[in-house]
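The values are calculated or read from the model by the stated rules, or taken from the named source; none is laboratory data. In this text, all values refer to a predicted model and were calculated from it rather than measured experimentally. Because the Cβ atoms are built from the backbone with ideal geometry, glycine has one as well, and the counts that use them run over all protein chains shown. With ligands, DNA and RNA removed, areas are computed over all heavy atoms of the protein, side chains included. Shrake-Rupley method; radii C 1.70, N 1.55, O 1.52, S 1.80 Å.
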Amino acid sequence: MALMTGEQYIESIRKMKMNVYMFGKKVDCPVDDPILRPSLNSVRMTYDLAQMPEYEDLMTVISPYTGKRINRFTHIHQSTGDLIKKVKMQRLLGQKTAACFQRCVGMDAFNAVFSTTFETDKAHGTHYHENFKKFMMYVQDNDLTVDGAMTDPKGDRSKAPHAQEDPDLFLHIVERRADGIVVRGAKAHQTGVLNSHEVIVMPTISMGPEDSDYAVSFAVPMDTPGITMIIGRQSCDTRKMEGSEMDVGNSEFGGVEALTIFDNVFVPNDRIFLCGESEFAGMMVERFAGYHRQSYGGCKVGVGDVLIGAAAVAADYNGAAKASHVKDKLIEMTHLNETLYCCGIACSAEGHPTESGNYMIDLLLANVCKQNVTRFPYEIVRLAEDIAGGLMVTAPSEADFRDPTLGPVIEKYLKGVSGVSTENRLRILRLIENLSLGTAAVGYRTESMHGAGSPQAQRIMIARQGNLAMKKELAKNLAHIKE
């Protein structure tokens, strides 16, 4: 099959009979729901750009396994060049959508599971790597969107999976059959799962032998019986139901998360990638987290580009663009944003091959990248809000602006510089609001903190990868210390 167009992707999701709930009701047609459709449009952009000749090198690649041109989101990284192009592709998509385009998790799961299954097979004589390669080529041949599911609800964080009062608080195997396994549990904060054809499930933490039932990885279609998605609530989400394109801020694109329930879901043997080999759960988690922390040096930077641009436009419309402090704030926003990009490129350029042959980023630099992402977007947002002014959160609604009586009053009193319409001024402020506080903030500001692991998770990895002993020796050698 050739690469799908965006419209073909939309129709392929429409055909799936997923079990979706939002606001206490079943959503019969998620594709056409006004709250959910912007998130689907963001994924669609990953297909639309792949059709454009000017983006072919970033968005597509020849698969070394099928020999066909595939979407880069389904690719197994073959070089540091692939890792760098991944980050550049993510920045491009962030610029085009100003939202989470949702396919990074699946791409990062692809590469983590690929190498981990190879090493699991080597240690245990299992066939997980062949299972995964078969699944991978199926995805590539059909140009599918795959989500990655790692985060369990976790329950009491002080207890291991097997010690939880409720065993379902970590997804686990409840039955082993000759033809496969049955699993039960949930995965939380699942960005893009609603818009995916398939999901790859992975463990969420390192595990011991007593947690073997929880050391499980597999892939299933999203319309598999037993899977239910409960859509997460976002700030300003119901604005999308009001018919106001202006008030939404970014009306075309967005992201959406779901609590995804697996209620006795059957997984056939050839879709299993880990099944009880608990010593490899940590490897899969660490590798996935590393790839995903690299991703934030691309996607968040692209959205940051839009926010910086919007703040600069707001300064123009407010008549403040020439003020020295505004110029300095825009410089600082750019400095912080490009620093994140540097981290994403650096951990890619310093990548290395795994035993399986695919390329892994530099884990230390990837964790430094994500640690910076937990901080810099918050400052970029603060500076954007500073430049925009309070009208960003106190402006009247579009309904008031269109009202024949109120509209002229709003037009008169909310006018900015000469030559710029009041409507355009309000539009750019609504975009900044959306990126800073609204639905897009879920995929920019808050996700910058908790996506791909909390800040402390990165600090643990930085401590582990930082090689402090080597640095001590460097200092002792130069100080001519003999012990």
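Observations on the structure shown:
- Selection over region 152-186 of residues that are buried (at least 20 other Cβ atoms within 10 Å of the Cβ) and polar (S, T, N, Q) gives a count of 0.
- Some residue of region 197-206 being aliphatic (A, V, I, L, M), surrounded by fewer than 19 Cβ atoms within 10 Å (Cβ to Cβ) and in contact with an Asp or Glu (Cβ under 7 Å, 6 or more places away or on another chain): no
- A search for C-beta distances below 6 Å between a residue of region 347-359 that is within 21 Å of K133 (Cα to Cα) and any residue that is among the β-branched types (V, I, T), counting only pairs 6+ apart in sequence or on different chains, returns N358/I76.
- Residues that are of a type in the set (S, T, N, Q) and within 16 Å of the chain's Cα centre (by Cα), drawn from region 442-477: T446, S448, S454
- Failed criterion for N131 (all others in (1) more than 19 Å from P221 (Cβ to Cβ); (2) assigned to a helix (DSSP H, G or I); (3) out of contact with any Gly (no Cβ under 8 Å at 6 or more places or on another chain) hold): (1)
- From T80, T60, T97, residue being of a type outside the set (A, V, I, L, M, F, W, C) and under 15 Å from the mean Cα position of the chain (by Cα): T97
- Within region 320-329, considering residues that are of a type outside the set (V, I, T) and open to solvent by less than 60 Å² (accessible area, probe 1.4 Å), the one nearest to H77 (Cα to Cα): K329
- Here A349 fulfils each of the conditions (1) touching a Ser or Thr at 6+ places or on another chain (Cβ under 9 Å); (2) open to solvent by less than 20 Å² (accessible area, probe 1.4 Å); (3) over 26 Å from V442 (Cβ atoms) apart from (2).
- M333 vs. criteria on the phi < 0 side of the Ramachandran plot, without any contact (Cβ under 8 Å) to a residue 60 or more places away in the chain and aliphatic (A, V, I, L, M): yes
- Verdict on C100 being open to solvent by 10 Å² or more (accessible area, probe 1.4 Å) and either closer than 30 Å to A346 by Cβ or touching a Ser or Thr at 6+ places or on another chain (Cβ under 9 Å) (or both): yes
- Within region 75-93, the residues that satisfy the criterion of being part of a helix (DSSP H, G or I) and surrounded by 24 or more Cβ atoms within 10 Å (Cβ to Cβ) are L83, K86, V87, M89, Q90, R91, L93.
- Some residue of region 440-456 being at pLDDT below 95, in contact with a Gly (Cβ under 9 Å, 6 or more places away or on another chain) and among the charged types (D, E, K, R): yes
- Residue pairs meeting the criteria (Cβ under 8 Å; at least 6 apart or on separate chains; first under 16 Å from R430 (Cβ atoms) and at pLDDT 95 or above, in region 392-411; second in a loop (DSSP other than H, G, I, E, B) and open to solvent by 70 Å² or more (accessible area, probe 1.4 Å)): A399/E242
- Number of residues in region 375-424 that are under 30 Å from the mean Cα position of the chain (by Cα), of a type outside the set (V, I, T) and outside any loop (DSSP other than H, G, I, E, B) equals 11.
- Here T191 qualifies as farther than 18 Å from I272 by Cα and open to solvent by 10 Å² or more (accessible area, probe 1.4 Å).
- Residue within region 440-463 that is in a helix (DSSP H, G or I), free of Cβ contacts under 8 Å to residues at least 24 places away in the same chain and within 19 Å of L340 (Cβ to Cβ) present: yes
- Residues (of a type in the set (G, A, S) and farther than 25 Å from V306 by Cα) located in region 330-385: A349, G351, S356, G357
- Filter pass, Q294 being of a type outside the set (A, V, I, L, M, F, W, C) and farther than 17 Å from L36 by Cβ: yes
- For L431, the stated conditions hold: it is under 22 Å from G298 (Cα atoms) and among the hydrophobic types (A, V, I, L, M, F, W, C).
- In the set (1) hydrophobic (A, V, I, L, M, F, W, C); (2) open to solvent by less than 30 Å² (accessible area, probe 1.4 Å); (3) in a loop (DSSP other than H, G, I, E, B); (4) closer than 20 Å to V146 by Cβ, the condition left unmet by A2 is number (2).
- Any hit, region 97-109, residues being over 19 Å from H197 (Cβ atoms), among the charged types (D, E, K, R) and in a helix (DSSP H, G or I): no
- If you go through region 36-72 and pick out every residue that is in a helix (DSSP H, G or I), among the hydrophobic types (A, V, I, L, M, F, W, C) and either farther than 17 Å from N195 by Cα or open to solvent by 50 Å² or more (accessible area, probe 1.4 Å) (or both), you end up with 4.
- Of all residues in region 134-146, those satisfying the criterion of being surrounded by 20 or more Cβ atoms within 10 Å (Cβ to Cβ) and part of a helix (DSSP H, G or I) are F135, M136, V139, Q140.
- Filtering E338, E332, E355 for residues that are open to solvent by 20 Å² or more (accessible area, probe 1.4 Å), acidic (D, E) and under 30 Å from D121 (Cβ atoms) leaves a single hit, E355.
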